[in-house]
There are 2 protein chains.
Amino acid sequence: MAALHHPDIDDIELVYVLAALGHPARLQIARALADGVERYCGEIMPDVPKSSMTHHWRALRESGVIRQRRAGRKLYLTLRRDELDALFPGLLDIVLTEPVGTR
Amino acid sequence: MAALHHPDIDDIELVYVLAALGHPARLQIARALADGVERYCGEIMPDVPKSSMTHHWRALRESGVIRQRRAGRKLYLTLRRDELDALFPGLLDIVLTEPVGTR
């Protein structure tokens, strides 16, 4: 199985973080991880077929928003909150507390 | 010529603002308008063919990030800064002061 690539903190760019968060499903995922607890994929979006989520996990991972870790057949996710807060202070506080679809 | 549609402030959604800003060209446009001064399209991205920018103007306008106004053959742009600051306090301060490509 291919290793999961995660950008180093120095390679995380604001514009791609915005792009990753600029989709309803991905913003929902980031909000579900906002408390810093690691969760597995099926916990976060249980009603969405796995195949349609693969693209979103990758967009979040490759932009530096989340970390993914394989354990057995499950993929576990965490938000890279400390790193993102260090890079873009205040951004996640604004973005993750704003309810989706009602501003 | 079709009227330019601009969403009302109550219809502006965070996720689509993030999506609009989550592209290098569009983030550059928003930053070029950050001072609140109205500019015409050709002033902001003079080296980019007009045809390739049309999509970006629309993405910024339809998400509520900018206003466009036709005057003769020119399209003038302003950032909807006051409205966005009221809806998402602090967001533009973070996003528009961060240099593109270097975090």
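The charge dipole of chain A, taken about the Cα centre with unit charges on the Cβ atoms of Lys, Arg (+1) and Asp, Glu (-1), comes to about 600 debye, rounded to the nearest 20.
Rounded to the nearest 20 Debye, what is the dipole magnitude of the protein assembly as shown about its Cα centre when Lys and Arg each give +1 and Asp and Glu each give -1 at the C-beta? Dipole magnitude for the protein assembly as shown comes out near 840 debye. First check a/c for the protein assembly as shown, with a ≥ b ≥ c the square roots of the eigenvalues of its C-alpha gyration tensor; if it is under 1.5, answer rounded, and if not, answer prolate when a/b is larger than b/c or oblate otherwise. Prolate, because a/c is 1.5 or more and a/b exceeds b/c. Straight-line cross-link partners of B:Lys50 among the lysines, defined as a Cα under 20 Å from its Cα and at least 8 positions apart when in the same chain: B:Lys74.
Copy-to-copy label distances for A:Gly72, where each label lies 7 Å from Cα along Cα-to-Cβ, are 7.1 nm in order of increasing length. With its label point defined 7 Å out from Cα along the Cα-to-Cβ axis, B:Pro7 lies at 2.5 nm from the matching points of the other copies, in increasing order.
Of interest is the spacing of the C-alpha centroids, which for segment B:18-85 and segment A:28-85 amounts to 32 Å. Taking 18 Å as the cut-off, the amide N atoms of segment A:12-43 that come nearer than this to a point 7 Å along the Cα-to-beta-carbon line of A:Asp93 belong to A:31, A:34-36.
When chain B is treated as a Gaussian network with alpha carbon springs shorter than 10 Å, the biggest mean-square fluctuation among B:Pro46, B:Pro24, B:Pro89 belongs to B:Pro46. You can think of it this way: the chain between A:Asp47 and A:Ala86 has 10.7 nm of extra reach, that is 0.36 nm per residue less the Cα-Cα gap. By the gyration tensor of its Cα atoms, with a ≥ b ≥ c the square roots of the eigenvalues, what is the shape of chain B: rounded for a/c under 1.5, prolate for a/b over b/c, or oblate? Oblate. Summary value for chain A: 34 percent relative contact order, contacts being C-alpha pairs under 8 angstrom separated by 6+ residues. Shielding by partners for peptide B:4-14, expressed as the average number of C-beta atoms from other protein chains within 10 Å of each residue's C-beta, is 2.
Taking B:Ile29, B:Ile66, B:Ile12 as the candidate residues, the one with maximal mean-square fluctuation in a Gaussian network model of chain B, Cα springs under 10 Å, is B:Ile12.
Since every read-out is calculated from the coordinates, none of them should be taken as a lab result. The model shown is predicted, which means the values in this text are computed figures rather than measured ones. When we count neighbours, we look across all protein chains shown, and the Cβ atoms used for this are built from the backbone with ideal geometry, even at glycine.
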